[in-house]
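Q: My structure is below; once you've seen it, I'll send some questions.
The values are calculated or read from the model by the stated rules, or taken from the named source; none is laboratory data. Source: prediction; values computed, not measured. Counting neighbours? That spans all protein chains shown, and the Cβs are built from the backbone with ideal geometry, glycine included.
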Amino acid sequence: MADEVVEEEEGGGKGGLIKIILLVVGILLLVAITIGGTLFLSGFFEADEEATAEAAVAALEAIASEEAAAAAAALAGPDRVKIDSPELTRYEQTYFEIEAEMTSNLANSRKVMQVKVYIMTHYDERVIAHMEKHDFPIRNALMRIMALKTETDLARPTFRKELAEEFRLEINSILEGLEDFGGVEKVGFTAFVVQ
């Protein structure tokens, strides 16, 4: 029996050493898993987030600039194509406004008519220069025409159009008499008040 006790003690020593080795390996494995899990959860193994964020911002900016360019192109509309047409010739219209308002009483009335007149021509700047040069006789003639108008004339729906045509004829008559050329093609009103 004594031999059996000695053998158990020798066998028991090997089992204790294996237990210690397994315990140390288990602790090391637990420490390694803990360190690996901590590094994984902290993002150590992921790609650089700053580089990824900068790339995403650059992509968004590129998309935004493309959309802005498309919106600007849509607002600008389609490109205009010039077509040369030898049979159609268009001349530039030039406008001139007589600066001072003209005021006159209506004939046989207490009402007052006040107008501001502009002219349009397709001719060159000489017509405008003649209008400026002969401003006083033109304004005088136009106020004489205004003074001849009555309240019944004013009540007609075509009064303004007729008055503008009378003004055009009178202006051309004055310019032809003073400069040998009229050139006024249209007369209109920028202000028209009757009180």
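Q: Among the numbered criteria (1) under 12 Å from Phe96 (Cβ atoms); (2) exposed (fewer than 12 other Cβ atoms within 10 Å of the Cβ), which single criterion is violated by Asn108?
A: Going through the list (1) under 12 Å from Phe96 (Cβ atoms); (2) exposed (fewer than 12 other Cβ atoms within 10 Å of the Cβ), Asn108 breaks only (1).
Q: Could you look through the stretch 119-138, keep only residues that are aliphatic (A, V, I, L, M) and in a helix (DSSP H, G or I), and pick out the one that is surrounded by the fewest Cβ atoms within 10 Å (Cβ to Cβ)?
A: Ala129
Q: For residues that are farther than 15 Å from Met146 by Cβ and outside any strand (DSSP E or B), tally how many sit in the stretch 173-195.
A: Number satisfying all stated conditions: 13.
Q: Checking the conditions here, which among Ala141, Ala155, Ala164 is free of Cβ contacts under 8 Å to residues at least 12 places away in the same chain and small (Gly, Ala, Ser)?
A: On inspection, the qualifying residue turns out to be Ala155.
Q: Just for the stretch 139-166: of the residues that are touching a helix residue (DSSP H, G or I) at 6+ places or on another chain (Cβ under 6 Å) and closer than 14 Å to Thr103 by Cα, which one is surrounded by the most Cβ atoms within 10 Å (Cβ to Cβ)?
A: It comes out as Leu142.
Q: Can you confirm whether the stretch 151-163 contains a residue that is at pLDDT 90 or above, among the acidic types (Asp, Glu) and outside any helix (DSSP H, G or I)?
A: Within the stretch 151-163, not a single residue is at pLDDT 90 or above, among the acidic types (Asp, Glu) and outside any helix (DSSP H, G or I).
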